[in-house]
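Encoded as structure tokens, the structure appears first; notes follow it.
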């Protein structure tokens with residue numbers, strides 16, 4: 001069986017029922033969000049132990065959050081991003097069907113504005129994590 005057929009079978013399983021699609025969408029969101037948090041950790045040279053100290057919890061608790069062994073809440077995402085000197089932002093986009101969904105739909109605004117964010121005086125930059133990846137061509 002070739003990869004294209006395996007991919008098609010996998011997609012069919014994900015889209016077999018509304019419940020399986022909802023489960024897939026949750027898992028996709030959690031995986032992408034935690035990947036963004038991990039990238040923020042790398043940008044800021046932070047470890048899981050650093051996040052645990054900042055949040056007043058154990059390293060094991062942080063490891064569990066990244067392992068997928070428990071549900072990720074908005075509070076958990078917000079806390080992890082805060083510990084990375086960042087914030088989480090969420091975008092809602094249309095569902096796609098019948099294809100491998102490796103990255104989100106990119107919605108392009110016809111007019112783009114650049115907004116300068118002034119330093120708040122707290123000594124850290126204003127970073128924003130978007131739960132959207134760019135697709136490479």
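The values are calculated or read from the model by the stated rules, or taken from the named source; none is laboratory data. Treat the numbers as computed from the prediction; the structure is a model and nothing was measured. Glycine also receives a Cβ, built like all others from the backbone with ideal geometry; neighbour counts cover every protein chain displayed.
Counting the residues of the range 34-50 that are over 14 Å from residue 67 (Cβ atoms) and assigned to a helix (DSSP H, G or I) gives 8. Tallying residues that are surrounded by 14 or more Cβ atoms within 10 Å (Cβ to Cβ) and either in contact with a strand residue (DSSP E or B) (Cβ under 6 Å, 6 or more places away or on another chain) or in a helix (DSSP H, G or I) (or both) within the range 74-94 yields 9.
To keep it simple, each residue is scored yes or no on (1) touching a helix residue (DSSP H, G or I) at 6+ places or on another chain (Cβ under 7 Å); (2) surrounded by fewer than 17 Cβ atoms within 10 Å (Cβ to Cβ); (3) over 29 Å from residue 14 (Cα atoms).
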| position | (1), (2), (3) |
| --- | --- |
| 40 | yes, no, yes |
| 63 | yes, yes, no |
| 68 | yes, yes, no |
| 72 | yes, no, no |
| 96 | no, yes, no |
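The single condition among (1) surrounded by fewer than 14 Cβ atoms within 10 Å (Cβ to Cβ); (2) at pLDDT 95 or above that residue 54 does not meet is (1).
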